[in-house]
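So the structure is just underneath, and the comments pick up after that.
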Amino acid sequence: MTEENSRNDNFFISCYRTLMDFMKLKKIYCIGIGGIGVSAVARWARHNDIAVSGSDIVASDLTRALEAEGIGVIIGHAPENVPDDADLAVYTPAVEKDHIERKAAKKKKIPQLSYPEFLGLLSEKKFTIAVTGTHGKSTVTALIGLMLQEAGFDPTVFVGSLVPQLEHGNVRVGHSNFLVVEACEHQGNMRHIRPNIAVVTYIEPDHLDFYRDLKHEIKVYQEFVDELPKDGVLIRSADDYGCQQLKWKGETRVFGKESEKMNVGVPGAFNVRNAVAASIAAALVGVPKPVIERVAAEFRGIWRRFEKVGERDGAIIYSDYGHHPTAIRETMKMVRELYPKRRVILVFQPHQHNRTKNLFTEFVDALSRAPVDVLVLNEIYDVAGREEDKDHDVTSKKLADAVLRLVRPGGLAQDGRKVAYTATLDETESWLRANMKKDDVVVIMGAGDIDIVARKLV
């Protein structure tokens, strides 16, 4: 979606809104089925007795899991993959209009929806709790879904991650009128959702390949909030500047410092904040307080959100999805509090050249102040279709050099603390194998493919 195009100008969306009931669908084809969002649609379809298949460019753990569940997966894209009799094609937003399978679907007159558009239409038919924001939205969405599930509300839940406690990992297929969705903010995609309750966790500069600046970002979030019905509720952070700018004429609830009082089964003050935000949403729809408290206390976290992957020769290995300066600061502060006397190694893979370039100063500040003993910077993860040549002048080597030039009390660039640069995942793995020691705590962080290293080490 672009600024020039309204979200309502898609012919197929208007057709579906007026002519088709989702539950009358017989066959769905998924383009980019290995993605976290589109795979959730595939699972939703299968468990609603809708025939479903799809394709992706490479095989992965997720595509293999889908195949094991009885969902047809084709590796490689081709026009002939698209079934002639499909009622709907759902595609990941990373797939452009000229993709060969999208063109094939158009030629076969098959309606097409992006994953956010699909969620948007589904939200029009249900009482929807939508969670968005720069940080924490996956955890908050998971917690709300689990709270409603434990209270017997039988919700449908879509999460942009894998949740061990949630049926089918990234989706729960319920049969009630309740829908809980993670609303991705990239390209303003949360605006497709029609929420009854909107939860906004943080609004910080990010996705600057789409947002011009923080002011523009706040404007787009406001458009999302404006879709609330008259009796809708906005839940927002009381402490975050961006969230404070949101205006809603109806009921508004806030969460903030009081969150420290809540017992949560995963560490970190930010997770306590997440749980409080979730508890407000759950309470609004009638989930009893004892259920809310029990779910929060028993919450085991989600995939790649400070996930303990395992151990190697006495060193503990964590994998974390953090890819923003704020995530670095908050996560590593928590790690140091958990392990005050252990050597901490942070392995960070920046995600996207554009983000790294636009937030370069912020990344240098966060990394140089990080309370760790060793920093390893892997080369930037290049996101296909979302990068411009002009942004490739920024590298992780330049980031490492900038960190080394700073001297901060308690930070990295002093007292002989090490800053290393690795150009590839193989180099990162080799460096860790050669340098890890017993009792080290290794945090492998980034939204790209750096998680591969964590899995290979244990």
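Figures for the structure shown
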item	result
The stretch 45-83: number of residues that are among the acidic types (Asp, Glu) and closer than 17 Å to residue 115 by Cα	1
Filter result (surrounded by 19 or more Cβ atoms within 10 Å (Cβ to Cβ), within 19 Å of residue 162 (Cα to Cα) and charged (D, E, K, R)) within the stretch 266-308	304, 305, 307
Residues of the stretch 317-339 classified as more than 18 Å from the chain's Cα centre (by Cα) and within 18 Å of residue 265 (Cβ to Cβ), total	4
Filtered residue count, the stretch 221-273, keeping only those that are at pLDDT 90 or above, assigned to a helix (DSSP H, G or I) and among the polar types (S, T, N, Q)	2
Single match in 410, 385 (criterion: surrounded by fewer than 19 Cβ atoms within 10 Å (Cβ to Cβ), within 28 Å of residue 338 (Cα to Cα) and either modelled with pLDDT under 90 or not hydroxyl-bearing (Ser, Thr, Tyr) (or both))	410
Residue in the stretch 187-206 that is in a loop (DSSP other than H, G, I, E, B), surrounded by fewer than 24 Cβ atoms within 10 Å (Cβ to Cβ) and hydrophobic (A, V, I, L, M, F, W, C) present	no
Sole residue being within 27 Å of residue 159 (Cβ to Cβ), in a loop (DSSP other than H, G, I, E, B) and of a type in the set (Lys, Arg), chosen from 329, 300, 355, 342	300
In the stretch 92-118, residue nearest to residue 82 (Cα to Cα) [restricted to those that are in contact with a Gly (Cβ under 8 Å, 6 or more places away or on another chain) and hydrophobic (A, V, I, L, M, F, W, C)]	95
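The values are calculated or read from the model by the stated rules, or taken from the named source; none is laboratory data. Small disclaimer: the values here were computed from a predicted structure and weren't measured. For neighbour counting, all protein chains shown are included, and Cβ atoms are generated from backbone atoms with ideal geometry for every residue, glycine included.
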